[in-house]
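Taking it in order: structure first as structure tokens, then the write-up.
Each value in this text was obtained by applying a stated rule to the coordinates, not by laboratory testing. Small disclaimer: the values here were computed from a predicted structure and weren't measured. Cβ coordinates were reconstructed from backbone atoms using ideal geometry, including for glycine residues, and neighbour counts include every protein chain displayed.
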Ligand code: FAD
């Protein structure tokens, strides 16, 4: 801690000098054996792209963008910074789908991981036959000890991992709702979705990582080997190294998915059903989430259009009557020949649930259609110019013991009073025992076996995002006043005090120790504002 107090002001005082250093960077890079200076880009378009993200709220311009084509390029760049008298900051940018500038590097260098992605997925012409070359960045293996797994470049998109592994009839088990995110980006947070209650977050399904640390060293790590780096990097917000490869567990992929939504008006009944389903040994659900439907919002949204048009009016009048409805969303995977058995299982399962009679909806879709369910909504919004608007999101983990208080204080009060909510609001439980506390990802300290993920996935206009931010602040204030011991997911803070509170004393101590060990010159992911708070 003392070291930190001494070092941070020194680092801050070097910012002006960093700009000078950046102007000499191409020359320095050209002196390296790899001669990678051509991969450093300073054209205004590239800089502008790197100073924006999905949130569209923070805009920090880097001095340059770096487009590596090999992992060695990344190591060379980091080493240059590490060995220089004035280190420059470096941020890996996956898809830039953060919402608060986390993948930005003001006056530093943004490593555009897309450069590496282009090493695969090319068309090649051989003997006049056009073939799609296998993606070099995604390779499937089998091993009698660990079973099937895939080695994936940190720059790869989950959608490509899905398609490539399906070629072998296999797939990862833990996902995010949206698949156009990079493996490195989601593993730096946790990677959660409706599968998390059963399989844990994506970070719980990684066997091994290749990482280029903040010293420019290339390290392979796992639970057994270099475990401190392994645990640090998973959920580590990009602070300890750039993930260049992840080894991810695979299982046999199903072909079809029975996807069900059930409506509730009573939050207690809704959460009781959610909890009993995730704890049940019999239900064997593959996916469980929950959505809050507000009287002011549309009942279908970009996250998925599900309810049949003919039922919209019926659902809308129910929402108007209750002001808030809760929608349980579950899915079970299957293969064609088991459909009859599955239907019987579902019938039994649903009979035990206390949803509003008559408000049962079901869809039968392919596995890809289910996992990639958000894409069509995205494309629609893109075509309407509504995808690149500000996104003042708030994502939280709430202890189960306080979820009823959260409902009355937030869903039934703050949200109703302000009446501005647009976009999906998610609430679903997960099991603590599927998370590994040695990893950097942080969940509530509560004793409860279950905690809830709550996500306010707002879209706003350029002129009114502050009203959404004010709502987010009010929600956090309510939780603080009511002593609800929440944790932020996809966290963002502006002071180190807040980061310390976020991690808690024990985890913060090991986070800082790991930072000193793996990125002692505070080079990596400055946009998280943990160690470089300016
Ligand atoms: P970026 O925004 O580019 O980077 C995020 C952070 O990770 C930065 O600090 C960056 O420097 C660092 N980083 C990037 N690549 C690497 C790397 N290879 N090695 C080390 N550090 C790296 N999250 C969920 O968990 N579940 C969801 O269902 C979900 N749905 C989403 C839906 C949408 C539409 C959007 C926009 C986001 C969603 N997210 C979800 C959040 C998402 O997982 C995070 O924002 C994630 O960081 C985005 O990945 P990215 O590739 O865009 O990362």
Restricting to Cα pairs under 8 Å and 6 or more apart, the percent relative contact order of the chain works out to 17 percent
Length gained if residue 280 through residue 338 is fully extended, taking 0.36 nm per residue and subtracting the Cα-Cα distance, is 18.8 nm
Note: residue 159 to residue 463 extended length (0.36 nm per residue) minus current alpha-carbon separation gives 106.1 nm
Under the 7 Å Cα-to-Cβ spin-label approximation, residue 268 and residue 350 lie apart by a distance in nanometres of 2.7 nm
Label model pair residue 317, residue 365: point-to-point distance (7 angstrom along the Cα→beta-carbon line) in nm is 2.8 nm
Unit-weight point scatterers at every alpha-carbon of the range 184-323, Debye formula, q = 0.11, 0.13 1/Å: log10 I(q)/I(0) is -0.62, -0.77
With Rg from the Cα atoms and Rh as the Kirkwood inverse mean 1/r over Cα pairs, the range 248-361 has an Rg/Rh of 0.99
The percentage of Cα-Cα pairs in the range 317-390 separated by more than 20 Å is 55 percent
In Å³ per residue, the alpha-carbon convex hull of the range 256-488 encloses 144 Å³
Note on the range 17-112: C-alpha Rg/Rh, Kirkwood Rh, two decimals, gives 0.96
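Taking the Cβ of each residue in 139, 509 as the centre, tally the other Cβ atoms inside 10 Å and list the residues starting with the fewest.
Lowest count first: 509, 139.
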For the range 397-439 the translational diffusion coefficient, Stokes-Einstein from a Kirkwood Rh over Cα pairs at 4 °C and viscosity 1.567 mPa s, in µm²/s, is roughly 104 µm²/s
For the pair residue 378 and residue 498, the simple spin-label estimate (label points 7 Å beyond Cα toward Cβ) gives in nm 2.7 nm
Fewest-first ordering of 47, 229 by Cβ atoms within 10 Å yields 47, 229
Rounded to the nearest whole number, the Stokes-Einstein translational diffusion coefficient of the range 240-284 at 20 °C and 1.002 mPa s (Kirkwood radius, C-alpha pairs) in µm²/s is 144 µm²/s
Full extension between residue 433 and residue 85 adds, at 0.36 nm per residue less the Cα distance, a length in nm of 120.8 nm
Largest-first semi-axes in Å of the equivalent ellipsoid built from the Cα gyration tensor of the chain are 39, 28, 22
Note: the range 126-252, point scatterers on Cα, Debye, no solvent; log10 I/I(0) at q = 0.11, 0.13 Å⁻¹ equals -0.37, -0.51
